[in-house]
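Let me begin by presenting the structure, written as structure tokens, before commenting on it.
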Amino acid sequence: MSRRFGEEGRELSYGTYLKVPELLQLQHRLSSEHDELLFIVAHQVYELWFKVVLFELEAARDRIDADDVFFARHHLHRVYVVEKLLVEQIEVLETMSPQDFLAFRSKLAPASGFQSVQFREIEFLSGLKEPSYVARLEASLDELSRLRRRLDEPSLDDAFRALIKRRGAPSLVEIFRDRERFGDLFDLCEGLLNHDETFAHWRSRHVLMVERQIGSKSGTGGSSGAEYLRSTLGKRFYPELWEVRSQL
């Protein structure tokens with residue numbers, strides 16, 4: 001008698017493959033407030049998606065190093081789609097009223113989103129390396145080691161610049177003006193800019209959410225809250241890709 005696919009052994013199930021029982025044990029509320037579970041899950045999901053973004057950015061960088069622009073673009077497109085999802089997820093958090101959030105917010109101090117190591121890894125790997133963040137983060141030795149490694153290793157921006165040099169060092173203006181000749185490089189520029197723009201959109205949307213929830217209050221980690229976040233809105237991974245628009 002023939003067996004259907006997946007019937008042999010029956011040692012694996014949906015729950016065991018995805019570690020669902022273990023996953024559902026990772027949400028520990030510090031209060032009895034109803035909305036704290038939503039807050040925890042939303043931020044855990046962010047960290048899971050950050051893990052995927054890092055994985056895809058590494059793959060894109062390595063493909064660029066291998067002169068495989070097609071698949072580098074593929075990985076960057078996936079990053080773009082995931083980041084759009086991260087922006088949309090903010091609406092879920094905004095179903096909390098300010099009063100609902102404030103009911104458990106005091107329990108969170110001194111924890112802060114500023115301490116997200118993966119968020120900083122995304123910045124460093126993309127090309128926005130700021131060594132001062134490493135000294136300011138309250139993180140484990142393993143996490144600090146990861147950040148230092150990201151500072152030392154080539155970024156996506158480094159890989160892109162090296163690729164352009166291998167192609168005879170055309171300027172960005174040349175790439176944009178001669179798409180027939182440099183079509184794959186132009187597409188890669190647009191993929192990088194999609195990542196940059198969508199991440200900037202997330203920053204902006206996050207500021208609005210914070211202002212909606214806590215107004216001008218200080219952050220739980222001791223920062224100035226929305227005021228600090230607004231100061232980050234001008235950050236760009238690839239400023240030259242924005243500037244080239246003014247030169248066309």
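The residue that is nearest to Cys189 (Cα to Cα), among those in the stretch 149-175 that are assigned to a helix (DSSP H, G or I) and basic (Lys, Arg), is Arg161. Restricting Ser171, Ser126 to those that are polar (S, T, N, Q), crowded, with 16+ Cβ neighbours inside 10 Å and more than 26 Å from Arg212 (Cβ to Cβ) reduces the list to Ser126. Residues to consider are Arg179, Arg146; find the one that is without any contact (Cβ under 8 Å) to a residue 40 or more places away in the chain, out of contact with any Cys (no Cβ under 9 Å at 6 or more places or on another chain), not in a helix (DSSP H, G or I) and not aliphatic (A, V, I, L, M). After applying the criteria, what remains is Arg179. When restricted to residues that are touching a Phe, Trp or Tyr at 6+ places or on another chain (Cβ under 9 Å), free of Cβ contacts under 8 Å to residues at least 24 places away in the same chain and over 26 Å from Ala60 (Cα atoms), the stretch 105-143 contains 2. Asp152 fails exactly one of the following numbered conditions: (1) free of Cβ contacts under 8 Å to residues at least 60 places away in the same chain; (2) within 16 Å of Tyr80 (Cβ to Cβ). What is the number of that condition? That leaves (2) as the condition not met.
Residues that are surrounded by fewer than 16 Cβ atoms within 10 Å (Cβ to Cβ), over 29 Å from Leu229 (Cβ atoms) and within 22 Å of the chain's Cα centre (by Cα) occur at least once in the stretch 9-30. Being in contact (Cβ under 8 Å) with a residue 60 or more places away in the chain, more than 30 Å from Leu193 (Cα to Cα) and aliphatic (A, V, I, L, M) holds for only one residue in Leu37, Leu26, Leu76, Leu102, and it is Leu102.
Take the conditions surrounded by 14 or more Cβ atoms within 10 Å (Cβ to Cβ), modelled with pLDDT of 95 or more and over 19 Å from Lys51 (Cα atoms) and apply them to Phe199. Does it pass? No; evaluated as a whole, the condition is false for this residue.
Rundown of residues vs (1) under 30 Å from Glu153 (Cα atoms); (2) of a type in the set (D, E, K, R), yes/no style:
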| residue | (1), (2) |
| --- | --- |
| Leu18 | no, no |
| Glu22 | no, yes |
| Leu26 | no, no |
| Arg29 | no, yes |
| Ala42 | no, no |
| Ala59 | yes, no |
| Ile64 | yes, no |
| Ala72 | yes, no |
| Glu91 | no, yes |
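Identify all residues within the stretch 109-143 that are under 17 Å from the mean Cα position of the chain (by Cα), of a type in the set (D, E, K, R) and not in a helix (DSSP H, G or I); write none if there are none. Within the stretch 109-143, Lys129, Glu130 meet the criteria. When each of Arg166, Arg146 is tested for being of a type in the set (Lys, Arg) and touching a helix residue (DSSP H, G or I) at 6+ places or on another chain (Cβ under 7 Å), the lone residue that passes is Arg146.
The values are calculated or read from the model by the stated rules, or taken from the named source; none is laboratory data. Small disclaimer: the values here were computed from a predicted structure and weren't measured. For neighbour counting, all protein chains shown are included, and Cβ atoms are generated from backbone atoms with ideal geometry for every residue, glycine included.
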